[in-house]
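Working notes for the structure below.
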Amino acid sequence: MIAAVELALLQQLRDAGDDGRLGYRYAVLDTFPDEFEGYLTNARNLRTPAAWATFLGMADGADALDEMGWNGTARFALVVAASNLRNEQDSRHGDGAVPGSYQLGIDAVRLISRNPLDPLQLIAPISVKGLRLVNRSAQMVKQQLSLIAIELECRLPFGSFAPAEGDLGQFELFHVDWDVPPHGNVTVPLPAAAADAEDLIEVPQ
């Protein structure tokens, strides 16, 4: 479910670019790399617009007595990036030809806020908790990148392998069949078609 949410967030951006709602398309849509500065070093000419989704953790868990099982508030981040070789301001503001990071962030919020991410079975849809400008690292400065981090929450069910309360019914009878092995050097298949002995125990209610 966690991985599905990450991918669904990216799919919202992909679909909106493909159907013309954004007026631009994302060149990179991926999950957030483990070491971002190293990632930028290896991708010296990062194509933008770019976006990465990542899972931040869960809180406020509750254990439901039904098929929903344990569920909690999941936190995600969607990071969008723009670049402009003219100057850092245009990386943020855009230059009329390509969008800046501010526009990417605003458009992403409009797409994601209150989005149920169908067909995922979220308990509560995506809630936008905040936006912030990411402090520029050495590689971000070198590549004239501007990044906006969008903090998100939703309620996720984990499901349960355990039976829900009451599914076992009433334990009233306990029946046991016994197969008595033959004596000597005689081997027969066990269990036998008919039990040699049996017990039936009634449990007091």
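The values are calculated or read from the model by the stated rules, or taken from the named source; none is laboratory data. Please read all numbers here as calculations on a predicted model, not as lab measurements. Using ideal geometry, Cβ is built from the backbone for each residue, glycine included, and neighbour counts are taken over all protein chains shown.
Taken together, GLY105, GLY57 contain a single residue that is at pLDDT 90 or above, closer than 16 Å to ALA149 by Cα and part of a strand (DSSP E or B), which is GLY57. Kindly establish whether GLY96 is in a strand (DSSP E or B) and out of contact with any helix residue (DSSP H, G or I) (no Cβ under 8 Å at 6 or more places or on another chain). Answer is no for this residue. Among the residues examined, ALA4 does not qualify as closer than 16 Å to ILE106 by Cα and either in contact (Cβ under 8 Å) with a residue 40 or more places away in the chain or aromatic (Phe, Trp, Tyr) (or both). Of all positions in the stretch 29-41, none carries a residue that is closer than 20 Å to MET1 by Cα and more than 17 Å from the chain's Cα centre (by Cα).
Restricting the stretch 85-107 to residues that are without any contact (Cβ under 8 Å) to a residue 40 or more places away in the chain and polar (S, T, N, Q), which is surrounded by the most Cβ atoms within 10 Å (Cβ to Cβ)? So the residue we want is GLN103.
If you go through the stretch 60-83 and keep only what is among the aliphatic types (A, V, I, L, M) and at pLDDT below 95, you end up with ALA62, ALA64, LEU65, MET68, ALA74. Assess whether LEU46 counts as being more than 23 Å from GLU153 (Cα to Cα) and in a loop (DSSP other than H, G, I, E, B). The answer is yes for LEU46.
Only residues that are surrounded by 13 or more Cβ atoms within 10 Å (Cβ to Cβ) and in a loop (DSSP other than H, G, I, E, B) were counted in the stretch 22-43, giving 8. Checked against the criterion of being closer than 29 Å to LEU156 by Cα, hydroxyl-bearing (Ser, Thr, Tyr), in contact with a helix residue (DSSP H, G or I) (Cβ under 8 Å, 6 or more places away or on another chain) and surrounded by fewer than 19 Cβ atoms within 10 Å (Cβ to Cβ), the candidates THR73, THR54 yield just one match: THR54. Exactly one residue among ARG75, ARG110, ARG44 is more than 19 Å from PRO125 (Cα to Cα) and basic (Lys, Arg), and that residue is ARG44. For the stretch 124-140: of the residues being within 13 Å of ARG44 (Cβ to Cβ) and either of a type outside the set (Gly, Ala, Ser) or without any contact (Cβ under 8 Å) to a residue 24 or more places away in the chain (or both), which is surrounded by the fewest Cβ atoms within 10 Å (Cβ to Cβ)? Selected residue: GLN139. When residues in the stretch 8-31 are screened for being more than 17 Å from SER101 (Cα to Cα) and either modelled with pLDDT under 95 or in contact with a Ser or Thr (Cβ under 8 Å, 6 or more places away or on another chain) (or both), 1 of them pass. Do we find that ARG110 is at pLDDT below 90 and either buried (at least 18 other Cβ atoms within 10 Å of the Cβ) or basic (Lys, Arg) (or both) in this structure? No, not satisfied.
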